[in-house]
Every structure is written in structure tokens, then in C-alpha cells.
Amino acid sequence: MTGMKVITVDGPSASGKSSVSRWVAKELGWKWVSTGAFYRGLALVAMHEKVDSADEAALLDLVGSDLWQVVLNPVDTEVHYRGQNVTTEIAGEQVGAVASVVSQIPKVREALLDRQRRCYDPAVGLVAEGRDCGTVVFPQATAKIYLTASPALRAQRRSEEEGADQQVTKELQLQRDNQDSQRKVAPLKEADGSLKIDSSFLSLEEVVTEVLKYARQKGL
Ligand code: DC
């Protein structure tokens, strides 16, 4: 093993990052974090607190407030807001779209970075998924995965999960992916030395098997 006891899984929306990383963490007995929950949580809290998604100062106040928390558990990265578990509320393309907007703001990213890094416990190990886990949050991760799938398949998966229209979902995802890939700070991109996996024609189990094999090759 050359770096931290961390596996990062980055990639575009609905590429299967959460399902894969949750399962990999379970196999290894490690912790799992979906870093998107920090951006989604902030987006949801801003919506409830009537904070504009372009109001940097107010968003930074929300990041520092104790109105909301991110709580890790083996099956979900939970968001709690004003004492309620709002994890089911943060799923979905509507909150995802606002999350993508607030994630463009460099100071917001910086403020959330420390909270994301604190999810790592070297005694346990961590599988971290998102957009910049391998490039920015955990550049010292021992194994880095870039997970992708065709836009059509990603839209199909997400629209089935949400019971939403497939074409609308596809357009929202493409818009979000463009925004996430083109932003100036910590854009979605393949980290140096990452293994790219296209999950379009693979089952979830096949992707997990490939990630675990790669992790073993890296000495994890
Ligand atoms: O992975 P997700 O769909 O839950 O992420 C929601 C949004 O949060 C995503 O469109 C961009 C932002 N995000 C980010 O900028 N960096 C991350 N590491 C994870 C998510």
C-alpha cells in the first residue's frame, strides 16, 4: 500500500458510484461516505432556510451552523436537519441541481472539504465517492476509480429509481454533468492513476468485483 487506506470512486451522476462504493466498503469492513450528501444537504437546508444559492456569505454561515449534520452509516450517508433525518428528501434531481450550483462556489467547497476529510479513520479505512475525491479530497488515496456509464443508461437508472420521466432526467443530468465538469475549482475529471470502469454493460456485482481486485493489486 502506497497511500492512505482510502478508495475513491468518482464519476458523473447516476453512474452507480453509491451502490458500488457502499458494497465495496461492506466487503472490506470499511466506512463509506457519499460526499455529494454534503452538497445536497447544504442545498436542501438553503432551500428550507430561504437562502439564495448564489449568496456566498449566507451559504458559508449555513455550512458553519449546527442546523444540519452529515451522519455516516453503512447503508446511507444521512443528512439531519433541525433534528429530523431528511436523507430521503435530498435524493432526486431537483436537489441535485441546486447542489451542483452551490458546489460551484470555491469557498463553499473549501468549507466542506475539512468535514469530508474528517470522515477518514485510518484504523478503519474509507471508501469515498463523489466528483473530486481522488483529485482534491483524498489525493493520497491508495486506489482511485473513475466510474462511468452511457448517458442513456444513467438516465434510465435514475428515472426508474425516482419514477421520473426519462427524457427530462437525461436533460437534467447532462446539464448537471456539464456544470460539474466545467467548473473552475475541483471539476469532475479522472484523477491521475485512476482505473476507469464503464459500467454500461456490467452488473453491479461485476463492477464491485473489479474494484476489489484492483484494491488488492494496490495492496489494500
Ligand atoms: O453525487 P451526487 O449526485 O449526490 O452529487 C450532487 C452534486 O454535488 C453534484 O452534481 C456536484 C456536487 N458534488 C461535488 O461538487 N463534489 C463532490 N465530491 C460530490 C458532489
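The values are calculated or read from the model by the stated rules, or taken from the named source; none is laboratory data. Here the structure is a predicted model, which is why all the values come from computation and not from measurement. All Cβ positions, glycine included, derive from the backbone under ideal geometry; neighbour counts span all protein chains shown. Ligands, DNA and RNA are excluded from the accessible area calculation, which covers all protein heavy atoms including side chains. Shrake-Rupley method; radii C 1.70, N 1.55, O 1.52, S 1.80 Å.
Within the straight-line cut-off of under 17 Å between alpha carbons, the aspartates and glutamates reachable from Lys218 are Glu27, Asp192, Glu210, sequence neighbours fewer than 8 places apart in one chain being disregarded.
Estimate the FRET efficiency between Val185 and Gln69 by the formula 1/(1 + (r/R0)^6), using the beta-carbon distance for r and 25 Å for R0, to the nearest 0.05. The calculated FRET efficiency here is 0.55. Considering only Ala14, Trp68, Trp30, whose Cα is most displaced toward the positive end of the charge dipole of the chain, charges sitting on Cβ of Lys, Arg (+1) and Asp, Glu (-1)? Checking the options against the dipole of the chain, the answer is Trp30.
Note on the chain: with a GNM built from Cα contacts shorter than 10 Å, the maximum mean-square fluctuation among Ala25, Ala155, Ala111 falls on Ala111. Amide hydrogen proximity for Val9: with H placed 1.01 Å from N in the peptide plane, the residues at 5 or more positions away or on another chain lying under 5 Å are Ala128, Glu129, Gly130, Ile145. Of all the options Leu147, Leu126, Leu204, the one that moves most in a Gaussian network model of the chain with Cα springs shorter than 10 angstrom is Leu204.
Altogether, the Stokes-Einstein calculation at 10 °C and 1.306 mPa s, with the Kirkwood radius of the chain over Cα pairs as Rh, returns a diffusion coefficient of 91 µm²/s. Annotation: per residue accessible area for the chain equals 48 Å², rounded to a whole number [probe 1.4 Å, protein chains only]. In a DSSP loop and with at most 11 other Cβ atoms within 10 Å, the trypsin sites (Lys or Arg not before Pro) in segment 165-207 are Lys184.
Structure note, pairs Lys5/Lys31; Lys17/Lys107; Lys26/Lys170; Lys26/Lys144: Cα-Cα distances above 21 angstrom occur for Lys17/Lys107; Lys26/Lys170.
Springs join every pair of Cα atoms under 10 Å in this Gaussian network model of the chain, and among Thr169, Thr148, Thr88 the largest mean-square fluctuation is at Thr88. Taking other residues whose beta carbon is less than 12 angstrom from the beta carbon of Lys5, and scoring Lys, Arg as +1 and Asp, Glu as -1, yields +1.
Can you pull out the chymotrypsin sites (Phe, Trp or Tyr not before Pro) in segment 134-220 whose DSSP state is coil and whose Cβ has at most 14 other Cβ atoms within 10 Å?
Values: sites: Tyr146, Phe201, Tyr214; in loops: Phe201.
Sparse-neighbourhood loop chymotrypsin sites (Phe, Trp or Tyr not before Pro): Phe201.
What's the Kirkwood radius of segment 46-151 in Å, using all Cα pairs? Numbers along the way, then the final one.
On the way: mean 1/r = 0.0648 Å⁻¹.
Evaluated on segment 46-151, it is 15.4 Å.
Of Leu202, Leu188, the residue with the largest accessible area leads and the full order is Leu202, Leu188 (1.4 Å probe). Under a 5 Å amide H cut-off, with hydrogens placed 1.01 Å from N, Ser199 pairs with Thr148, Ala149 among residues at least 5 apart or on other chains.
Only loop residues by DSSP count here, and only those with at most 16 other Cβ atoms within 10 Å; note down the GluC sites (Glu not before Pro) in segment 1-58 that meet that. Kindly include the intermediate steps, with their values, before the conclusion.
On the way: sites: Glu27, Glu49, Glu56; in loops: Glu49.
Answer by residue number: Glu49.
Could you check how much of the accessible area of the chain is carbon and sulfur, as a whole percent, using a 1.4 Å probe? Answer for the chain: carbon and sulfur cover 50 percent of the accessible area. Only beta bridges with both residues in the chain are counted; by DSSP, about 30 percent of them are antiparallel.
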